[in-house]
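This report refers to the structure that appears directly beneath it.
The values are calculated or read from the model by the stated rules, or taken from the named source; none is laboratory data. Source: prediction; values computed, not measured. Cβ: placed from backbone, ideal geometry, glycine included. Neighbour counts: every protein chain shown. When the accessible area is computed, the model is the full protein with side chains, heavy atoms only, and any ligands, DNA or RNA have been set aside. Shrake-Rupley method; radii C 1.70, N 1.55, O 1.52, S 1.80 Å.
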Amino acid sequence: MRDFQSLIRVWVVPFLALGCAFVVLFVVFFLLDYALYGEPGSFWAIVLETLGWYEDKNSASPAAIDPIPEVVAGVLGIAITVVAIIVELAANRYTSRVVDLFVADRTNLLVMGLFVVSCVFTLWVVKTDTAMFTPHLGFAMSLILMTVSLLILVPYFNHIFEFLDPKNIIAKIRNQISYQIRREVQTKEEDPEKLFIVKHEVARAAEQISDIALNSIHQQDRTLAMDCVVTLKLVINDYLEVKDDLPEAWFLVSRDGGDERADPDYVSLSEEGIREIETTHCWLEHKIFKQMHLVFGTSLNNLRDLNNLIGMSLRDVAFKAIEVEDRRVRWLAIKFFNTLFRTTINNRDVRTAYNLFAQYRLLGERLLEVNQLFIVEQIFNYFKYYGQLADSMGIGFLLETVAYDLYRLCRLAHEREARNFDALLRIFLDVDRPPDLLEKEDHLLGVRKAQVMLGSYFVATENDELAQRIIDDVRNEPLPRLRTIKADILRAERNFWEITDRGTNFDYLEPEYRLGFHQFFERLEQAVIDYHRQRKAARAAALTSVPGGPGRGKRKRLSSSAGLGFKGDLKKGEASSGEVKGVTPSGSKKTKEKTGPRTSEEVMAEVARLRQRMDRGQSLSKEIDAAGKKKAAETKKADGAKADGAAKTPAKKKPRTSEEVMAEVARLRKRMQSGERLSKDAPAKKGEGNGASGDDAKKKGGDGDVSGAG
């Protein structure tokens, strides 16, 4: 029906319009001329003579018909010139297939044949007009042919322009592919020679469609490139409907030496790859998918809408394979999906990957609907792999996208009571990795949002066990970050505030799950508080040493470096007592019984006391230094007064200078340190029976030295 309408519009209407205009114009002026200048009663004689029928042989005028062959030849030259230029431009812009299509088009052959026949016929009619014979009917037919050739010229140009419309070229190529496949189904031709020719024509036609798409990309013609992708998808869908009726020889890739190995889509494949294509009966699907991948790679970071359409086309082909129960084509579509992910991430085209993940999720939803759970689990793993791959390359947003899509798939799997839901949930919870670097926290925040929303869904649907699994996975997050997540989800709107291809907001949670969200978050906050309290207690216990363990040496160094022999230092060997041995005002030793391990708070308090004693010792040395300087100034002033003739006084002890005071302090410190070394090396004294060691005695002596220095 559409072809008939096109015929009427392109040919019939223009031809009749021009013909009617010619007839009306000619008749009107002929009648006017006859009325003004014609002889009465000679009307029909004039009409017959005009058509080439002469009643009187001598009245014939062959010269009147001589220009007709020249006119027809001129028309033919104009037509060929215009058509050749247009066809050449179209072939350079789109594909060389245009020339083949033009030559094979019957309409073009008929019109060109009309021009040639008219020219040759008129030429011979003129040559047969002699003194002995007048071709009356030939003259009339020459006029008719010349008239038709001139009138048909405009409709023919209209046909050429429509014929070279790229959409029509693509449609013709698709029709040729369908025709070749249908003919093979009907004839079931198994002759290798003939079958190879048919397969070669089909493969070549698919390549020409992709050539048109590639040229369109270079010229930024997005619409035409999209038409090519849709046509390739339709070719596969049509092929899948009749694929089972084709003979086995149709699915072989090579022929007697492998002429098809020169094909660019097969030249790099190994023997195993060729055999796999043959055993899976997917050579044409593989061919077309390779063409789609070529177009996809060319348009990356450029025509992203075209890339999204390629993802949609792959999804539709997978849907068709599921419908016709062709597992091998379904698996091939998934493999090419993964290939597109790899290409997109390597080229860092975030928007294309963002759209591609959406189509991948829709494919997973369809597989859940038909209960193909094993394939769904594989798709979950692929989601996780490519999300983490993008994250490792610094594209953290794609990890958020993966988390959101898996969240939607988990909800659907739970609603459909999928048998392998536990495995799917485990993969979803493993999408994020521990934030070992601080800069990873921003994109992991989006992953946590998706996990929190899934937990809210579980609480709303009264699945506390599944909600607890998510709480156990998320509870190691800092509480401020979780509160940020809560605020973002609560204020999120359904539609994102920018124009996006998906048109959804990842953070939006449906109203029916909001109550479950609040309940889930209350449980989560309590779990986070308990988790961090346990971690804090564990860290505090780790600081506490065990008798004979590595903490013993740490307290020994703390006592010797911080106390420097002050009163109340830790006893040597008193690793787990947690007490400080003090000295009573009367000088008697006071020893407490050993208790349990000291806590981190007690250790820190002891360190603070020791530091205070060190500060007091340093302030005392500063006071001595200041007093020495004051005495030195007074002495200098007194010596000056004596030089002026003051009365001599009995000699008094000269006060010490600041340098002398500092030297004395240094000597005292050396004595303190030597006392510590002696306390460590000296054998046990008589006080050992009462619980005091030789080190304690030396420490006591050291305390007295410091007191003396003070």
Query raised in the report: In this structure, does Thr187 turn out to be exposed (fewer than 14 other Cβ atoms within 10 Å of the Cβ) and either at pLDDT below 90 or within 19 Å of Ile310 (Cβ to Cβ) (or both)?
Result: yes
Report task. Could you tell me which of the residues Arg408, Arg419 is open to solvent by 40 Å² or more (accessible area, probe 1.4 Å), outside any helix (DSSP H, G or I) and within 26 Å of Arg469 (Cβ to Cβ)? Result -> Arg419
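Can you tell me which residues in segment 347-363 are open to solvent by less than 10 Å² (accessible area, probe 1.4 Å) and in contact with a Ser or Thr (Cβ under 8 Å, 6 or more places away or on another chain)?
Of everything in segment 347-363, those that are open to solvent by less than 10 Å² (accessible area, probe 1.4 Å) and in contact with a Ser or Thr (Cβ under 8 Å, 6 or more places away or on another chain) turn out to be Thr352, Ala353, Leu356, Phe357.
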**Report entry** Candidate set: segment 294-323, residues that are hydrophobic (A, V, I, L, M, F, W, C) and outside any helix (DSSP H, G or I); chosen: the one nearest to Gln220 (Cα to Cα)
**Finding:** Leu303
Requested in this report: List every residue pair whose Cβ atoms lie under 6 Å apart, where the two residues are 6 or more positions apart in sequence or sit on different chains, the first residue falls within segment 200-223 and is closer than 14 Å to Leu306 by Cα and open to solvent by 60 Å² or more (accessible area, probe 1.4 Å), and the second residue, located anywhere, is in a loop (DSSP other than H, G, I, E, B) and not polar (S, T, N, Q).
Outcome: Arg222/Leu303
Query raised in the report: Which pairs have Cβ atoms under 7 Å, sit 6 or more apart or on different chains, and link a residue in segment 262-288 that is under 24 Å from Glu325 (Cβ atoms) to one that is open to solvent by 60 Å² or more (accessible area, probe 1.4 Å) and at pLDDT below 85?
Result: Glu278/Leu252
**Report entry** Set Lys194, Lys233, Lys287: member being closer than 20 Å to Ala333 by Cβ and open to solvent by 10 Å² or more (accessible area, probe 1.4 Å)
**Finding:** Lys233
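Matching residues to (1) in contact with a Leu (Cβ under 8 Å, 6 or more places away or on another chain); (2) modelled with pLDDT under 70; (3) open to solvent by 70 Å² or more (accessible area, probe 1.4 Å); (4) of a type outside the set (S, T, N, Q):
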| site | (1), (2), (3), (4) |
| --- | --- |
| Leu51 | yes, yes, yes, yes |
| Ala60 | no, yes, no, yes |
| Ala73 | no, no, no, yes |
| Ala91 | no, no, no, yes |
| Asn108 | no, no, no, no |
Report task. Residue by residue through segment 324-351, note down the ones that are part of a helix (DSSP H, G or I), of a type outside the set (Val, Ile, Thr) and more than 11 Å from Leu300 (Cβ to Cβ). Result -> Arg327, Arg328, Arg330, Trp331, Leu332, Ala333, Lys335, Phe336, Phe337, Asn338, Phe341, Arg342
Query raised in the report: Quick check, is Phe163 within 41 Å of the chain's Cα centre (by Cα), modelled with pLDDT under 85, surrounded by 14 or more Cβ atoms within 10 Å (Cβ to Cβ) and within 24 Å of Phe115 (Cβ to Cβ)?
Result: yes
Report task. Considering every residue within segment 187-202, establish whether at least one is under 33 Å from the mean Cα position of the chain (by Cα), within 22 Å of Val87 (Cα to Cα) and not in a loop (DSSP other than H, G, I, E, B). Result -> no
Query - Residue list for segment 418-448, filter: at pLDDT 90 or above, over 27 Å from Thr500 (Cα atoms) and of a type outside the set (A, V, I, L, M) - result: Arg419, Asn420, Phe421, Asp422, Arg426
**Report entry** Close pairs (6 angstrom Cβ cut-off, 6 or more residues apart or separate chains): farther than 17 Å from Asn108 by Cα in segment 83-96, β-branched (Val, Ile, Thr) and surrounded by 19 or more Cβ atoms within 10 Å (Cβ to Cβ) anywhere
**Finding:** Tyr94/Ile212; Thr95/Ile212
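Residue by residue, here is whether (1) at pLDDT 85 or above; (2) surrounded by 14 or more Cβ atoms within 10 Å (Cβ to Cβ); (3) not small (Gly, Ala, Ser) holds:
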{"residue": "Ala467", "(1), (2), (3)": "yes, yes, no"}
{"residue": "Leu490", "(1), (2), (3)": "yes, no, yes"}
{"residue": "Gly503", "(1), (2), (3)": "no, no, no"}
{"residue": "Val528", "(1), (2), (3)": "yes, yes, yes"}
Report task. Hey, can you tell me all the residues within segment 365-405 that are among the small types (Gly, Ala, Ser), modelled with pLDDT of 90 or more and open to solvent by 40 Å² or more (accessible area, probe 1.4 Å)? Result -> none
